[in-house]
Amino acid sequence: MDQWVPSSVDLTRPSVARMYDYFLGGSHNFAVDRETAKAIEKIYPGMAGAARANRDFLRRAVRYLAGEGIDQFLDLGSGIPTVGNVHEIAQQVNPDSRVAYVDVEPVAVAHSIALLAKDPLTVAVQADLRDPDAVLANQEIRALLDFDRPIAVLLAAALHFVPDSDHPHAAVARYRDAVVPGSYLAISHGSLDGVPQDSVTSGERVQAVYQRTDAQLVLRSAAEIARFFDGLDLVDPGVVLLPEWRPDSDDAYISAYVGVARKPFGSSEAITPS
């Protein structure tokens with residue numbers, strides 16, 4: 001494990017990326033991550049299943065996008081690599097697919113760099129998705145992805161860790177404006193809409209646990225999540241509960257909304273970062 005741990009990592013504070021790795025059955029997490037994750041599982045025993053369901057949505061979305069001819073992906077908040085990464089899914093459809101992975105968590109980035117070292121069609125960079133201008137100006141990303149051609153921007157289980165004070169809707173709009181028409185946006189986001197009161201209470205308790213970590217959990221309404229797709233054309237079936245988006249398995253119900261949308265032709269062209 002030590003070879004994946006940069007010296008800057010705080011081993012005493014739980015990381016949402018490493019906790020997610022734990023929920024998925026990964027090994028790149030620390031005792032403090034596992035203890036906090038287990039506290040969440042006591043409140044919400046379905047958390048591991050929810051994490052797997054989110055990965056299933058990401059797989060379905062990437063496969064759909066690759067089938068639509070998209071061969072460039074910008075995966076924001078990509079997390080620690082696990083089975084079924086974006087480049088593995090996309091390259092099954094098109095071996096020339098390129099993927100730029102972006103995460104702020106040092107362990108996630110260090111492991112990604114090591115894993116992808118021999119793949120010239122991928123890159124992993126440490127950057128904060130809340131700073132779109134820095135991400136979009138990153139030289140490694142610009143060298144890999146051609147912003148004059150369509151790109152799929154992926155935000156899977158990432159935006160619910162961005163508080164309103166960091167202006168997540170404005171950040172997503174900046175990414176939307178930076179890509180050309182024909183590009184896509186795919187999002188999955190936690191919510192408490194429509195769940196029973198006891199589930200609402202559990203969700204609030206889970207949010208309280210996340211206050212101990214490196215990112216607070218913000219569960220938005222379906223309407224707030226739909227706003228992320230403003231200016232884009234939603235792909236059927238629109239913004240729906242996660243298991244309802246083009247299902248191909250029996251994922252259990254989880255309180256999250258997802259959607260995939262296309263930037264229409266005739267909209268403003270991409271804005272190149274300064």
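The values are calculated or read from the model by the stated rules, or taken from the named source; none is laboratory data. If you're wondering where the values come from, they're calculated on a predicted model, not measured in any experiment. For neighbour counting, all protein chains shown are included, and Cβ atoms are generated from backbone atoms with ideal geometry for every residue, glycine included.
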Filter region 119-134 down to the residues that are among the aliphatic types (A, V, I, L, M) and either in contact (Cβ under 8 Å) with a residue 60 or more places away in the chain or over 17 Å from VAL179 (Cα atoms) (or both) and list them by number.
LEU121, VAL123, ALA124, VAL125, ALA127
Hey, any hits in region 187-210 for a residue that's of a type in the set (Lys, Arg) and touching a Phe, Trp or Tyr at 6+ places or on another chain (Cβ under 9 Å)?
yes
Right, ALA110: of a type in the set (A, V, I, L, M, F, W, C) and either buried (at least 18 other Cβ atoms within 10 Å of the Cβ) or modelled with pLDDT of 95 or more (or both) or not?
yes
Does ASP146 meet the test of being surrounded by fewer than 23 Cβ atoms within 10 Å (Cβ to Cβ), in contact (Cβ under 8 Å) with a residue 40 or more places away in the chain and outside any loop (DSSP other than H, G, I, E, B)?
no
Filtered residue count, region 158-175, keeping only those that are surrounded by 13 or more Cβ atoms within 10 Å (Cβ to Cβ) and free of Cβ contacts under 8 Å to residues at least 40 places away in the same chain
2
Being surrounded by fewer than 19 Cβ atoms within 10 Å (Cβ to Cβ), of a type outside the set (Phe, Trp, Tyr) and in contact with a Lys or Arg (Cβ under 9 Å, 6 or more places away or on another chain) narrows it down to one residue among PRO181, PRO243; which is it?
PRO181
Residue count, region 224-244 (criterion: touching a helix residue (DSSP H, G or I) at 6+ places or on another chain (Cβ under 7 Å), within 25 Å of VAL180 (Cα to Cα) and among the hydrophobic types (A, V, I, L, M, F, W, C))
3
Which of the following residues is modelled with pLDDT of 95 or more, part of a helix (DSSP H, G or I), under 21 Å from ARG55 (Cα atoms) and of a type outside the set (Lys, Arg): HIS160, HIS189?
HIS160
Please specify each residue of region 211-240 satisfying the condition of being of a type in the set (D, E, K, R) and either modelled with pLDDT of 90 or more or surrounded by 15 or more Cβ atoms within 10 Å (Cβ to Cβ) (or both).
ASP214, ARG220, GLU224, ARG227, ASP230, ASP233, ASP236
Listed by range, helices (runs of 4 or more DSSP H) wholly within region 1-100 having at least 2 residues that are over 19 Å from the mean Cα position of the chain (by Cα) are 31-43, 86-93
Do we have any residue at all in region 173-183 that's in contact with a helix residue (DSSP H, G or I) (Cβ under 8 Å, 6 or more places away or on another chain), modelled with pLDDT of 90 or more, part of a strand (DSSP E or B) and of a type in the set (A, V, I, L, M, F, W, C)?
no
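Which members of region 114-171 meet the condition of being of a type in the set (Phe, Trp, Tyr) and over 23 Å from TYR20 (Cα atoms)?
PHE147
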Only one of (1) more than 21 Å from VAL172 (Cβ to Cβ); (2) surrounded by fewer than 18 Cβ atoms within 10 Å (Cβ to Cβ); (3) in contact with a helix residue (DSSP H, G or I) (Cβ under 6 Å, 6 or more places away or on another chain) does not apply to ALA208, and that is (3)
For region 215-234, does any single residue satisfy the condition of being in contact with a Lys or Arg (Cβ under 9 Å, 6 or more places away or on another chain) and among the β-branched types (Val, Ile, Thr)?
no
